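Asker: Below is one structure. I have some questions about it.
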Amino acid sequence: RLTPTIVGCLSLALVLPGCGGGGGDGPPAPTRSRVDAVAAEPARDKKLDAFCEVRSPAADARTLTWPEMDGQPPATGDGWTWVSLWATWCGPCIEEVPLMRGWEEKLAGEGLPVAVQHVSVDASADDLSAYRAKHSDAPTGPRVADQAAVTPWLTGLGLDEGAAIPIHLFVDPQQKIRCIRVGAVSAPDYPTVKKIVEQP
């Protein structure tokens, strides 16, 4: 089963070889004109980049697919869908549920309807049923049927094997995954979530 881990950051360093052969036998290196044009990269939103472990524009985003479910996969409709991967043993997953429900209502009130869906990654259906029997406010939704399928599914979405729940998928109306958040959301994240679902 998935266990909480600390998700690390991997940085790549480029080492450029030294230039020039010494002695000055070759022709001098051309100088750069002040009017040479340099193509500018599209501006990135640093807040969204920091919030999303994986973030893609619509043209490059992966289409949402599901592993086999114990129950019907979450429905995705005409608007945005916010999928939360959770488990009964995951404290942060449980703690953020009321916040997400409140944000779903708040976004709808601001003209940004978002369907919040929950998918359990509990090891057994019995564990999930027992939890729901004791907690009437527990998230509804299906469970991934085969635990062995969870990690390959997540790595196929672009996440590291060590990614720990809660995991949030923000899916646009064309079923494209535009942002994947690893980790719980908290109150200060609302403007970022709103910005995500405002994207065309």
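The values are calculated or read from the model by the stated rules, or taken from the named source; none is laboratory data. Just so it is clear, the model here is predicted, and its values are computed rather than measured. Heads up, the Cβs are rebuilt from the backbone with ideal geometry, glycines too, and the neighbour counts pull from every protein chain shown. Accessible surface is based on the protein model in full, side chains and every heavy atom, while ligands, DNA and RNA are left aside. Shrake-Rupley method; radii C 1.70, N 1.55, O 1.52, S 1.80 Å.
Asker: Only residues in region 138-149 that are on the phi < 0 side of the Ramachandran plot count as the first member; pair them with residues that are surrounded by 15 or more Cβ atoms within 10 Å (Cβ to Cβ) and acidic (D, E), Cβ under 8 angstrom, at least 6 apart or cross-chain, and list the lot.
Answerer: R143/D122
Asker: Across region 164-196, what is the total count of residues that are open to solvent by 10 Å² or more (accessible area, probe 1.4 Å) and assigned to a helix (DSSP H, G or I)?
Answerer: Total meeting the criteria: 8.
Asker: If you take the residues of region 123-135 that are open to solvent by 40 Å² or more (accessible area, probe 1.4 Å) and outside any helix (DSSP H, G or I), which of them is farthest from A164 (Cα to Cα)?
Answerer: Filtering first and then ranking leaves H135.
Asker: With the structure loaded, tell me whether E161 is more than 20 Å from W66 (Cβ to Cβ) and open to solvent by 50 Å² or more (accessible area, probe 1.4 Å) or whether it fails that test. So that I can check it myself, show each step before the final result.
Answerer: Values: more than 20 Å from W66 (Cβ to Cβ): no; open to solvent by 50 Å² or more (accessible area, probe 1.4 Å): yes.
Criteria not met by E161.
Asker: Could you check region 89-122 and list, in sequence order, the residues that are part of a loop (DSSP other than H, G, I, E, B), open to solvent by 30 Å² or more (accessible area, probe 1.4 Å) and not hydrophobic (A, V, I, L, M, F, W, C)?
Answerer: Listed by number, the residues that qualify are E110, G111, P113.
Asker: A further question on this structure: Suppose we keep only residues that are outside any loop (DSSP other than H, G, I, E, B) and of a type outside the set (S, T, N, Q) within region 49-78. Which one would you say is most open to solvent (accessible area, probe 1.4 Å)?
Answerer: Of region 49-78, the ones outside any loop (DSSP other than H, G, I, E, B) are 49-51, 54-55, 62-63, 69-70.
Filter again for of a type outside the set (S, T, N, Q), leaving 49-51, 54-55, 62, 69-70.
Details: D49: 55, A50: 84, F51: 11, V54: 25, R55: 63, R62: 108, M69: 26, D70: 75 Å².
Only one residue tops the list, namely R62.
Asker: Quick check on my filter: what residues within region 162-200 are of a type in the set (D, E) and under 22 Å from T63 (Cβ atoms)?
Answerer: Initial filter on region 162-200 (of a type in the set (D, E)): 172, 189, 198.
Selection gives D172, E198.
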